[in-house]
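The structure appears below as structure tokens.
The values are calculated or read from the model by the stated rules, or taken from the named source; none is laboratory data. Quick caveat, the model's predicted, so the values are computed rather than measured. Virtual Cβ from ideal backbone geometry, glycine too; neighbours counted across all protein chains shown.
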Amino acid sequence: MAKAKKLHVCRECGAEHAQWMGRCDRCGAWNSIEEKVQEVVADRHQARVAIVAETDQGAQPISQVPLDAQRRLTTEIPELDRVLGGGLVPGSLVLVGGDPGIGKSTLMLQAAEALAQSGQRLLYVSGEESAVQTRLRADRLGVGHEEVLLLTRTELTRILEEARRQEPAVMVLDSIQTIYCGEVESAPGAVGQLREVTSRLLRYAKGRGVAVFLVGHVTKDGQVAGPKTLEHMVDTVLYFEGEPGGRHRILRAHKNRFGSTDEIGVFAMTGQGLEPVENPSAVFLAQRPEGVPGSVVCPSLQGSRPLLTEVQALVAPAAGTARRTAIGLDRNRLNLLSAVLERRGGLPLADQDIYVSVVGGARVKGTGSDLALCAAIVSSLRDTPVPNDLVIFGEVGLGGELRPVQATEQRLAEAKRLGFKRALLPAGGDSRAPKGMSLLEAKNLAEAVAELVAQG
């Protein structure tokens, strides 16, 4: 017999409360708590016990846990494998989010075909498209291997029954917001449904050693729709991003229990699907204008990959309070470096608006881009372009001193490969310049600015 239960749940973070409140005390969101009526059937406990039994195992020494069963599965898509940390870990739960039409389903179908060709069976569960619609998309992408199985179901129990019968190595659910558990009395995509569905999929994945991809919608704020607990429950969270109307897509890891979160994968959307971009640096610099003040090339480090990115700055007189705007960079870092430039470099920036951006939708983390950002601001303020064959990188301290950064030789090698002949960087490093490339070293910000003026 079903028993009704009233819950007051925050739609932002998924927190449950005893009664309605105007403000969630966990995430601080206002007017986000909704009343949910949940019916719990009598056999729900038995259903949970059956799933838990799959992973019921006694304690054992960690050194005796077999690793052969956890070998990564290679998707044969280099950019996807890079972001995953070297491949797909059996038993992992991977959440893939992105805007509508960005290419999430395309990426999953192409990965399904590649995995099938390597000898793995894959179950693709489509909750948004019919079997015919999915087949039409697959034909366009060249997906048709016999080991790619298609299932158009949205009820979780039936999906898991079919999965146990087919025994796939990988399963894709597109999308998680359309899947529902019949034992939870709420609409698909609701907080309670998402939590229960993800919990059961997690137990299934861990118990059977099946890697599961969950395709998720994003909100207008760019977050995966649903409670934050959804991202906490999965092993990996990937975001697929791209400029509206643009050709290129960037895959980022926001969470990864089995690898780095600094890696990115770059793809190009074509008529035949997504193609990995082997030389992203050339893509980000393809349309760089020559002789334009405020444009600087910075060799950044994205995980283990050196990547050349263009940092642009625009300095203009402020109409009132000066503004600081940053896209692709940390805004707090921009405020800090602006103060250092004014105090240690003697630049009049207090009454100037400063806008900075990393071209192509790339993001630069860490302190390695400090000197490039300062150089872009100086170039824009003085209306003097930076030489086209010069790259700039290094950390800037509050005292105006410059500090070397890690992977200097990798950054320089990437710059040399793209045809750059000079590099401005902090003095004191032990890296050698590649053949045919000269290094311009500076100990502090004043020396770097003077070097820029001399080179310009």
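Residues checked against (1) farther than 15 Å from Leu123 by Cα; (2) of a type in the set (Gly, Ala, Ser); (3) out of contact with any Pro (no Cβ under 9 Å at 6 or more places or on another chain); (4) not assigned by TED's automatic domain parsing to the domain that holds Thr134:
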| site | (1), (2), (3), (4) |
| --- | --- |
| Ile159 | no, no, yes, no |
| Glu167 | no, no, yes, no |
| Val172 | no, no, yes, no |
| Gln177 | yes, no, no, no |
| Val184 | yes, no, yes, no |
| Thr198 | yes, no, yes, no |
| Leu201 | no, no, yes, no |
Inset, instruction - With the checklist (1) at pLDDT below 70; (2) surrounded by 10 or more Cβ atoms within 10 Å (Cβ to Cβ) in hand, flag the one item Leu67 doesn't pass. - result: (2)
Inset, instruction - For the range 197-212, enumerate the residues that are over 26 Å from Glu35 (Cα atoms) and assigned to a helix (DSSP H, G or I). - result: Leu202, Arg203, Tyr204, Ala205, Lys206, Gly207, Arg208
Inset, instruction - For residues that are part of a helix (DSSP H, G or I) and surrounded by fewer than 20 Cβ atoms within 10 Å (Cβ to Cβ), tally how many sit in the range 348-379. - result: 2
Legend entry - Per-region count, the range 343-378, residues more than 31 Å from the chain's Cα centre (by Cα) and farther than 19 Å from Leu398 by Cβ: 3
Inset, instruction - Might you let me know whether the range 358-368 holds any residue that is within 19 Å of Gln312 (Cβ to Cβ), touching a helix residue (DSSP H, G or I) at 6+ places or on another chain (Cβ under 8 Å), modelled with pLDDT of 95 or more and in the same structural domain as Cys298 (by TED's automatic domain parsing)? - result: no
Inset, instruction - Those residues that are in contact (Cβ under 8 Å) with a residue 40 or more places away in the chain, closer than 16 Å to Ile250 by Cβ and assigned to a strand (DSSP E or B), I need them from the range 267-293; list them, please. - result: Phe267, Met269, Leu274, Pro276
Inset, instruction - Output the number of residues of the range 260-291 satisfying the condition of being under 17 Å from the mean Cα position of the chain (by Cα) and of a type in the set (Lys, Arg). - result: 0
Legend entry - Hey, Asp330 out of contact with any His (no Cβ under 6 Å at 6 or more places or on another chain), under 20 Å from Val405 (Cα atoms) and charged (D, E, K, R) or not: yes
Inset, instruction - Go through (1) within 20 Å of the chain's Cα centre (by Cα); (2) crowded, with 18+ Cβ neighbours inside 10 Å; (3) among the hydroxyl-bearing types (Ser, Thr, Tyr) and name the single condition Ser304 misses. - result: (2)
Legend entry - Options Glu441, Glu451, Glu414: the member that is crowded, with 16+ Cβ neighbours inside 10 Å and either at positive phi or at pLDDT below 90 (or both): Glu451
Inset, instruction - Determine whether the range 243-259 contains at least one residue that is at pLDDT below 85 and under 14 Å from the mean Cα position of the chain (by Cα). - result: no
Inset, instruction - Quick one: in the range 315-347, of everything that is surrounded by fewer than 19 Cβ atoms within 10 Å (Cβ to Cβ) and either outside the structural domain of Leu398 (by TED's automatic domain parsing) or of a type in the set (S, T, N, Q) (or both), which residue is modelled with the lowest pLDDT? - result: Thr321
Inset, instruction - Determine, yes or no, whether Gly429 is closer than 27 Å to Phe267 by Cβ and not in a helix (DSSP H, G or I). - result: no
Legend entry - Residues satisfying the stated conditions in the range 294-311, i.e. touching a residue at least 60 places away in the same chain (Cβ under 8 Å) and either in the same structural domain as Leu84 (by TED's automatic domain parsing) or not in a strand (DSSP E or B) (or both): Gly294, Gly303
Inset, instruction - Name, by its number, the condition in (1) more than 23 Å from Val266 (Cβ to Cβ); (2) assigned to a helix (DSSP H, G or I); (3) aliphatic (A, V, I, L, M) that does not hold for Ala322. - result: (2)
Inset, instruction - Inspect the range 264-271 for any residue being modelled with pLDDT under 90 and either in contact with a helix residue (DSSP H, G or I) (Cβ under 9 Å, 6 or more places away or on another chain) or over 21 Å from Gly101 (Cβ atoms) (or both) and give the result as yes or no. - result: yes
Legend entry - Among (1) modelled with pLDDT under 70; (2) exposed (fewer than 14 other Cβ atoms within 10 Å of the Cβ) - the single one Asn31 does not satisfy: (1)
Legend entry - Top-ranked residue of the range 98-121 - restricted to ones that are among the small types (Gly, Ala, Ser), touching a strand residue (DSSP E or B) at 6+ places or on another chain (Cβ under 8 Å) and over 20 Å from Glu241 (Cα atoms), ranked as surrounded by the fewest Cβ atoms within 10 Å (Cβ to Cβ): Ser118
Inset, instruction - Return yes or no: is Ala114 among the hydrophobic types (A, V, I, L, M, F, W, C), closer than 22 Å to Val277 by Cα, assigned by TED's automatic domain parsing to the domain that holds Leu173 and touching a residue at least 12 places away in the same chain (Cβ under 8 Å)? - result: yes
